[in-house]
Structure formats: C-alpha cells, structure tokens
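Comments concern the structure below.
The values are calculated or read from the model by the stated rules, or taken from the named source; none is laboratory data. Note that the structure is a prediction, hence the values are computed from the model and not measured. Cβ placement follows ideal geometry from the backbone for every residue including glycine, while neighbour counts extend to all protein chains displayed. Surface areas here come from the heavy atoms of the whole protein model, side chains and all, with no ligands, DNA or RNA. Shrake-Rupley method; radii C 1.70, N 1.55, O 1.52, S 1.80 Å.
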Amino acid sequence: MMAVAVATPSFAAANSSNGITAVEVRDTVSLKNKKIPVDNSWDVIVVGAGPGGCTAAIAAAREGAKTLLIEATGQLGGMGTAGILNAWCPFSDGEKIIYRGLAEKIFNESKKGVPHEPADKLNWVSINPEYLMSVYDKMVMESGAKVLFFSRLAAVEKSANDTVDAVIVANKSGLTAFKAKVYIDATGDGDLAAWAGASFKRGDDNGVVQSSTLCFAIGNIDQYRYGNGPAVQSSFRSKAGDLIESGKYPLFDNFLNDKLVGPGLLGMNAGHLVNVDATDPWALSEAMMTGRQKAAQFVAALAELYPDIFASAFLSKTGTILGVRDSRRIEGDYIFTVDDWMQRRTFEDEIGRNSYYLDVHKDGYKETRYKKGESHGIPYRCLTPKGLKNVLTAGRCISTDEEAFGSLRVMPPCLVTGEAAGMAAQHAIVQSKNDVHAVDIKYLRKRLKEEGQYFL
Ligand SMILES: Cc1cc2nc3c(=O)[nH]c(=O)nc-3n(C[C@H](O)[C@H](O)[C@H](O)COP(=O)(O)OP(=O)(O)OC[C@H]3O[C@@H](n4cnc5c(N)ncnc54)[C@H](O)[C@@H]3O)c2cc1C
C-alpha cells in the first residue's frame, strides 16, 4: 500500500451559540512522522449517506463508476433514519408527483413500511425509519456501490490546481486516505468542500441559523383515541400556551409536529434548539443532551394536556443524530435565490424541479407557498462548488441563499440533487478529465429523463 503524509485540519476555538466555550486551541501537532495508508481504487467517493448521499452513490454506480459511500454512523438515510424524522415533505406540486427518478422509487418503496397510510397519498407520508433504512440498504447494495460505516471524514488533501487528491477518514483502522477521481460532498454540513477551501455561507447575514430539533418517538399511545392523526398539532398551540408559560417544564416549547409511524407509535418532530452551530462539536454535544431532556419534558407535558392519548405513553427513542436544519451552504457556480423561487424560474441546466414552500424555522418568519401545479427548476450549477475541479455537492449543502434554502433543504429535493450529482460525477470522469464544471448538460439531462426525472 502507498502512504501519504498529511496535515490535520486546523479548527478554530469558538464560543458555541449555546453558551459552551470550546477548548481554546493554542497549539497544533503535525503528523509528519505518521504514514497513512492509501486506498486509491475508487472512481467516485461520496461522503455522507443521507438522502442526497444515497442517491448520489446509487446513481454514480449505475453510470458505471466504482463508487464508495463513506458514512459516520452505521446507518444509511441521514435525518430520515438516524434522525428518526416522522414524514416525507410533499412529493407533489399539488397535482402530480414532481420528484421522480430515484426519489420516486425510494418514496414508493418506503411506503410499504407504513401500511396505515393510503397507497396513493403523496404529501406528508409517514416514515418508519427502520423500514426506510432497509430500503436504502437494499438499493445501495444492489447498485454495486460499496459502503464504509463508522468512518468520519477527518481531513481533505488538495493539490495546487484546485483538485482534491484524497480524503482522510478516521475509523477503527485509525486514519486511511481514500482517493477517487471525483468526490461528492453529501455531509449536509459541507465538510468536504469547506475543508477543501470552497467558500460558503452559514445562516443569515448575522450567521444565525434556523433552529435544530432532536426528533423522538413516543410509544404506547392510545391509538383508538389518536386515530390516524396528526391528532395533536392542530390543537396544540392553543392548548399548550398556559403550560409553557407556567415554566413547569422549562424546555417545553410551542413547536410540535406529530405523525403516527407504527402501531401505537408516534414520530415527533418537536421542540426547537435555537441557533446551534452544527460545525462546532461542543455545541452539538450540548444540543444532544438538552434535546433528550426536552423530549422527556414534551412527553410529560403531553400526558398532562392530552391524558386520553398519552396517559400510558413513554419516550421510546431519540434521534442518533441531531436534526440540523441549517448549516454550511457551499457556494457554487450559481447561487439559487429567493427571487428565483418567487419567479418560479426555469433554467437551461436544471436537473429537476422543486415546489416545497419557503419553510424557515425562525421566530416570526412567515412561510410562502406556491399555488397548485407550480414549481421551479434546480440548476446543476448549484451542485458545482466554485474553485474546486472534481467536487460536487448533493443534499442540503448545495448553493442557495438562506431563504431559498428553507425550501430546497428538505428530503425530496435532496434525493433529486443526489441523483444528478452521482450521474454528473461519472460523466465528468468520462467526458471532461474529472472537471465537474465541464460536463455535457444536455447529456446529463437526457440521462436523468431516461431514469424518469421530471422536467417541464
Ligand atoms: C428537525 C428536522 C425536521 C425535518 N423535517 C422534514 C420533514 O418532515 N420532511 C422532509 O422531507 N425533510 C425534513 N427535514 C429536512 C431533511 O431531513 C434534511 O434536510 C435532509 O435529510 C438533508 O439530506 P442530506 O442528504 O443533505 O443530509 P442528512 O440527512 O443531514 O445526512 C447527512 C449524512 O452525512 C453524515 N455525515 C455528516 N458529516 C460527515 C462526515 N464528516 N463524515 C462522514 N459522514 C458524515 C451524517 O452522519 C448523515 O448520515 C427536516 C430536517 C430537520 C433537521
């Protein structure tokens, strides 16, 4: 095996938004005496196996690339599985399904895990995270892409000509350098592209991000009283006000979204953790622990407010990963703006359509929705980070402004950007010496159409 010498990424000391101060880094060590083994057998490496990373890996492998999918946890699916999210955002524009190709296939397969949902339902369909995980497992395995779990991106090696040479991964083998021709950053936080030097924005002009949520599940509800739901969210705000005001449950707040995800089992997307910096491990650690306490207080508060449903209920699980809505948005050749969203803009290089509303989790923000049948295009140039030749982004770290991000961050468009990035990665290898900025867009769109993607 070859070996590389590598510098570790420097990390800045930071005050976390939650008040925890990171250990100040005054000193650094160099790993100059450490040899890191190299695995250089890959065409495409995808880092992060959320919805964007899974479709990227499947699509790259399907196009013929020898593909490796690297994931920090032991699960495929990101927020939809490890994060125990309770529902898919709408798959339709109000009239027809518009997230097609791999997105539609994964959505349809996942529905078999929630037989209480009507078979033809397209919007806000519940997720059984365990079942969805098995769908991703099967589809990724069948594509031929290889998966490396419990492996976290730790550093990125770049050559002078804006080309990423290797990603350094930390796992039970220690450090290993993996080399590919093209890399896809599907980490949600844009770790790979940012560490390779790409420019990015995080949050609004003041750096304030949308609130995070640690999702949780409540078992043994009275399903007869609950029905098929959601039975709580419609009356919750009017009922919960006094209890929140009373301070009896100090972490109980007014954000709640409940879905029946299995017999007697509610998936809860509830409680806000304000302005958590997902790139600060200290802030993340505190948010996980506060989130778990919050979840327990929600269960106790719900038993007081809705005793007929929750009297015998219990907190059965919290997410393995924090629900981070908002993190780095890697600057691409094009930045999709809220004006593009408002104008329902169509692009020559679009790789799919999106119709989800502007959904920004910040106090006082008023959401904006399209009318039935309306949508906008998602430009390919939002997936190509400026200044990096052989890197693509997929999922929620693509190039948008903060408000438009409120729409494009959810799972259906993340599945669509993943499929396009995976295809484009292999096309760049074949057509343009790994240059993702020079792929033949007409051919990419032709291939996406052949695989079922929707365009106007
Ligand atoms: C609280 C909350 C509620 C939401 N509600 C909905 C909803 O109801 N419906 C909906 O459709 N969408 C919803 N969304 C949006 C959606 O879940 C996410 O935006 C979407 O999952 C993003 O997909 P992704 O592939 O970009 O990344 P993620 O799903 O975030 O997955 C990223 C993956 O990368 C891995 N990873 C990260 N960093 C590294 C690293 N350095 N090395 C290796 N692996 C790494 C992570 O472990 C994870 O598996 C919600 C989001 C949140 C946070």
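Just to be sure before I move on: is Val261 closer than 17 Å to Ala87 by Cβ and β-branched (Val, Ile, Thr) in the structure I sent? When the stated conditions are applied, Val261 passes them. For Glu117, indicate whether it is in a helix (DSSP H, G or I) and either more than 17 Å from the chain's Cα centre (by Cα) or within 22 Å of Ile97 (Cα to Cα) (or both). Judged against the criteria, Glu117 is not a match. In segment 397-413, which residues are away from the ligand (no atom under 13 Å from the Cβ) and in a helix (DSSP H, G or I)? Passing the criteria: Glu402, Glu403, Ala404. Show me the strands (runs of 3 or more DSSP E) found entirely inside segment 191-274 where at least 1 residues are of a type in the set (Val, Ile, Thr) and farther than 22 Å from Val360 by Cβ. The strands (runs of 3 or more DSSP E) meeting that bar are 216-219, 258-262. Being in contact (Cβ under 8 Å) with a residue 60 or more places away in the chain, away from the ligand (no atom under 13 Å from the Cβ) and assigned to a loop (DSSP other than H, G, I, E, B) is the filter here; which residues of segment 133-172 pass it? Hits for segment 133-172 are Gly144, Ala145, Asn161, Asp162, Thr163.
Of everything listed in (1) at pLDDT 95 or above; (2) surrounded by fewer than 15 Cβ atoms within 10 Å (Cβ to Cβ); (3) more than 25 Å from the chain's Cα centre (by Cα), the single unmet condition for Phe149 is (3). Hey, could you check segment 87-99 for residues that are away from the ligand (no atom under 13 Å from the Cβ) and of a type in the set (A, V, I, L, M) and say which is surrounded by the fewest Cβ atoms within 10 Å (Cβ to Cβ)? By that ranking, first place goes to Ile97.
Residue by residue, here is whether (1) buried (at least 18 other Cβ atoms within 10 Å of the Cβ); (2) within 26 Å of His427 (Cβ to Cβ) holds:
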site	(1), (2)
Lys111	yes, no
Asp120	no, no
Val125	yes, no
Met133	yes, no
Val140	yes, yes
Ser159	no, yes
Gly174	no, no
Tyr183	yes, yes
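Considering only residues in segment 51-74 that are open to solvent by 10 Å² or more (accessible area, probe 1.4 Å) and near the ligand (Cβ under 7 Å from one of its atoms), the one that is nearest to the chain's Cα centre (by Cα) turns out to be Pro51. When the residues of segment 275-296 are filtered to those that are assigned to a loop (DSSP other than H, G, I, E, B) and of a type in the set (D, E, K, R), which remaining residue is least open to solvent (accessible area, probe 1.4 Å)? Among those residues, the one meeting the criterion is Asp280. Close contacts from segment 293-309, counting a first residue that is without any contact (Cβ under 8 Å) to a residue 40 or more places away in the chain and a second that is part of a helix (DSSP H, G or I), with Cβ to Cβ under 9 Å and a gap of 6+ residues or different chains, come to Ala303/Ile309; Ala303/Phe310.
Just one residue in the set Arg344, Arg329, Arg381, Arg325 is farther than 30 Å from Gly262 by Cβ, touching a His at 6+ places or on another chain (Cβ under 6 Å) and either modelled with pLDDT of 95 or more or not acidic (Asp, Glu) (or both); that residue is Arg344. Which residues, counting only those in segment 274-307, are among the charged types (D, E, K, R) and out of contact with any helix residue (DSSP H, G or I) (no Cβ under 9 Å at 6 or more places or on another chain)? Passing the criteria: Asp280, Glu286, Arg292, Lys294. Would you say Glu109 is in contact (Cβ under 8 Å) with a residue 12 or more places away in the chain, more than 7 Å from the ligand (Cβ to nearest atom), of a type in the set (D, E, K, R) and in a loop (DSSP other than H, G, I, E, B)? Criteria not met by Glu109. Look at segment 389-413: where a residue is closer than 17 Å to Ala87 by Cα and a partner is modelled with pLDDT under 95, sitting 6+ places away or on another chain with Cβ atoms under 6 Å, you get Gly406/Asp359; Gly406/Val360.
Here Thr318 does not qualify as on the phi < 0 side of the Ramachandran plot, open to solvent by 40 Å² or more (accessible area, probe 1.4 Å) and in contact with a Lys or Arg (Cβ under 9 Å, 6 or more places away or on another chain). When segment 120-132 is filtered for residues that are of a type in the set (Asp, Glu) and either assigned to a helix (DSSP H, G or I) or closer than 11 Å to Phe91 by Cα (or both), only Glu130 remains. Within segment 351-372, the set of residues being open to solvent by 30 Å² or more (accessible area, probe 1.4 Å) and among the small types (Gly, Ala, Ser) comprises just one member, Gly364. Might you let me know whether segment 419-433 holds any residue that is more than 16 Å from Val44 (Cβ to Cβ) and surrounded by fewer than 24 Cβ atoms within 10 Å (Cβ to Cβ)? No. When only residues in segment 373-396 that are part of a loop (DSSP other than H, G, I, E, B) and basic (Lys, Arg) count, which is least open to solvent (accessible area, probe 1.4 Å)? Among them, the one singled out is Lys389. Being more than 7 Å from the ligand (Cβ to nearest atom) and touching a Cys at 6+ places or on another chain (Cβ under 9 Å) is a description that applies to Ile84.
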